[in-house]
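K.L.:
Attaching a single structure in structure tokens format; questions to follow.
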Amino acid sequence: PWHVANLIKGMGLGVANPVNDPGSKETEGRSQQVDQPFGRAEASIYRSCVALANYLAQDRCDIAYAVKEACREMANPRTSSWGKVKRVVRYLKAEPRVMYKYSWQSPEDLTVDVDTDWAGCWKTRKATSGGALMRGILLITHWSTTHQTVVLNSGEAKLKGIAKGSGEGLG
């Protein structure tokens, strides 16, 4: 909660309205607004806020995808990048704390759930895959990654997602 409070205060969103979801998928039409690169000081503030959100995302699977998308623009942040971080912080204002309850259960098999979004990024046409490793009802780990290369079809994207999930499960 301390890090969430610092993010809210640092971004000046103390009186902002909270939102119910941490991010929304960017489409080509939404980015037609004037999109200027940040100056040096603004870029530094952006990077520090995203770094703190990325630290929080290690334990918060609900913000992992939205923070990953904000991290993709750390090298060259623009005015449209700020809205992504703002939305995550407004979500954290609504849900400042998440508690995982680990109740006793009998030994069960590991379950790996994987999902992919083929060519989900409209700028790079790269796919995104994510998943969760569960033991019974307990969350062991989670991930959300953008593929390094452009895949040619949804089958290839799903295969890469399954390979990533298999690796996590074996690990």
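The values are calculated or read from the model by the stated rules, or taken from the named source; none is laboratory data. Since we're looking at a predicted model, the values are computed, not measured. All Cβ positions, even for glycine, are placed from backbone atoms using ideal geometry, and neighbour counts span all protein chains on display. These accessible areas exclude ligands, DNA and RNA; they are computed on the full protein's heavy atoms, side chains included. Shrake-Rupley method; radii C 1.70, N 1.55, O 1.52, S 1.80 Å.
K.L.:
How long are the semi-axes of the equivalent ellipsoid of the chain, taking √(5λ) for every eigenvalue λ of the Cα gyration tensor, in whole Å from largest down?
P.N.:
Semi-axes from the Cα gyration tensor: 29, 23, 12 Å.
K.L.:
On to the next question. Rounded to the nearest 500, what is the 222 nm mean residue ellipticity of the chain from helices alone, with -39500 (n - 2.57) per DSSP H run of 4+ residues and division by all residues?
P.N.:
-12500 deg cm²/dmol
K.L.:
Filter the cross-link list 86/123; 93/164; 123/164; 101/126; 86/164 down to pairs whose alpha-carbon distance in this structure exceeds 25 Å.
P.N.:
Pairs exceeding 25 Å: 93/164; 101/126; 86/164.
K.L.:
For segment 95-102, take each phi angle, set θ = phi - 60°, evaluate the Karplus expression 6.51 cos²θ - 1.76 cosθ + 1.60, and give the result in whole Hz per residue in order, putting x for glycine and proline.
P.N.:
Ordered by residue, 3J(HN,Hα) equals 10, x, 9, 10, 10, 9, 9, 9 Hz.
K.L.:
Hey, what's the chain come to in accessible area per residue, 1.4 Å probe, Å²?
P.N.:
62
K.L.:
Along the positive direction of the dipole of segment 1-141 (beta-carbon charges: Lys, Arg +1; Asp, Glu -1; about the Cα centre), which of 83, 116, 19 reaches farthest?
P.N.:
83
K.L.:
Related question: Could you give the dipole magnitude of segment 14-166 about its Cα centre, charging the beta-carbon of Lys and Arg +1 and that of Asp and Glu -1, in debye to the nearest 20?
P.N.:
The dipole magnitude comes to about 440 debye.
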